[in-house]
1. Any idea which of I128, I165 is part of a loop (DSSP other than H, G, I, E, B) and touching a residue at least 12 places away in the same chain (Cβ under 8 Å)?
2. Would you mention how many residues in the range 127-157 are in contact with a helix residue (DSSP H, G or I) (Cβ under 9 Å, 6 or more places away or on another chain) and basic (K, R)?
3. Looking only at the range 72-86, how many residues end up being part of a helix (DSSP H, G or I) and either hydroxyl-bearing (S, T, Y) or crowded, with 19+ Cβ neighbours inside 10 Å (or both)?
4. Taking the conditions exactly as written (farther than 28 Å from L14 by Cβ and either out of contact with any His (no Cβ under 7 Å at 6 or more places or on another chain) or surrounded by fewer than 22 Cβ atoms within 10 Å (Cβ to Cβ) (or both)), does L100 satisfy them or not?
5. In the range 56-65, is there at least one residue being over 19 Å from K118 (Cβ atoms) and either among the charged types (D, E, K, R) or surrounded by fewer than 21 Cβ atoms within 10 Å (Cβ to Cβ) (or both)?
6. Starting from residues that are in a helix (DSSP H, G or I) and in contact with a strand residue (DSSP E or B) (Cβ under 7 Å, 6 or more places away or on another chain), keep the ones in the range 30-41 and report whichever is nearest to V60 (Cα to Cα).
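The values are calculated or read from the model by the stated rules, or taken from the named source; none is laboratory data. These numbers were taken from a predicted model, which means no experiment stands behind them. Positions of Cβ are generated from backbone atoms using ideal geometry, with glycine treated the same way; all protein chains shown enter the neighbour counts.
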Amino acid sequence: GAMSQPNHKGHIPLDFVKDSDRPKFEALFVTLAEIPATSLTFKRSDVLGKGPWGSVYKGVWTGSNVALKLISLHNTSNLQAFAKGAKVMASLHNSHLVRLYGLSRAGEELGMVMEYCKGGGLDKRLRIKEGNEGYLTWQMKLQMAEQMCAGVAFLHSKGILHRDIKSTNVVIDENNNVKLSDYMGLSRVMNMSFAATIYEQIGTPAWMAPELFRQIHQLQQLQQQQ
């Protein structure tokens, strides 16, 4: 089933990569499991979510439901960041983080094959009113908040920032346990003086801390002066 990692690694075709960039991608993909596209099935109509870089679909891999996040191979500006995010995600194993099983190449798209959470997105569950199926009690919300904090604490213990935590990036499994998803904003912090290394705006404005906006503006001004 989908809980078993594939046995083969580093076989993602790289014909879409420029020769000058090939070493970078080879270094990223060699540590990632490849899942043959022939073992995956999904329908374009089964959309779980959409983001700036691509869509996430519900699929089936070796008899188990999975989430499949696809990015166009022509989206060269984000493709390397997509691969880097996958590499970091593959190295993380925690009950409160969505698991990455591997990458799959299908035609003109590259996909992350990830754990599927039956309970859906936290944002949708929060909108359900009392008395309806799927309603979250305050006790359940508190438990979910604690689990989110546990997931964030695990990332921080590995020197990693998520940088885009919000209800749309939190999913719920069939047992009402939450998991952090969408690792495209992940940033590995090399030391505690990380402020000087984060100058680009990654995240969603409505959920970002005001001090981060100020920090980004100040760092961009410093860059312009150099």
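1. Details: I128 fails: touching a residue at least 12 places away in the same chain (Cβ under 8 Å).
Of I128, I165, the one residue that is part of a loop (DSSP other than H, G, I, E, B) and touching a residue at least 12 places away in the same chain (Cβ under 8 Å) is I165.
2. Result for the range 127-157: 1.
3. Residues of the range 72-86 that are part of a helix (DSSP H, G or I), as a first pass: 76-86.
This time we only want the ones that are either hydroxyl-bearing (S, T, Y) or crowded, with 19+ Cβ neighbours inside 10 Å (or both), so: 76-77, 79, 82-83, 85-86.
Going through the range 72-86 one residue at a time, the tally reaches 7.
4. Judged against the criteria, L100 is not a match.
5. no
6. Initially, the range 30-41 is screened for residues in a helix (DSSP H, G or I), giving 37-39.
Adding the requirement that they be in contact with a strand residue (DSSP E or B) (Cβ under 7 Å, 6 or more places away or on another chain) leaves 37, 39.
Working: A37: 11, S39: 8 Å.
Top of the filtered list is S39.
Residues checked against (1) hydroxyl-bearing (S, T, Y); (2) crowded, with 17+ Cβ neighbours inside 10 Å; (3) more than 22 Å from L48 (Cβ to Cβ); (4) at pLDDT 60 or above:
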| site | (1), (2), (3), (4) |
| --- | --- |
| Q139 | no, no, yes, yes |
| V170 | no, yes, no, yes |
| N176 | no, no, no, yes |
| M184 | no, yes, no, no |
| E200 | no, no, yes, no |
| T204 | yes, no, no, yes |
| R214 | no, no, yes, yes |
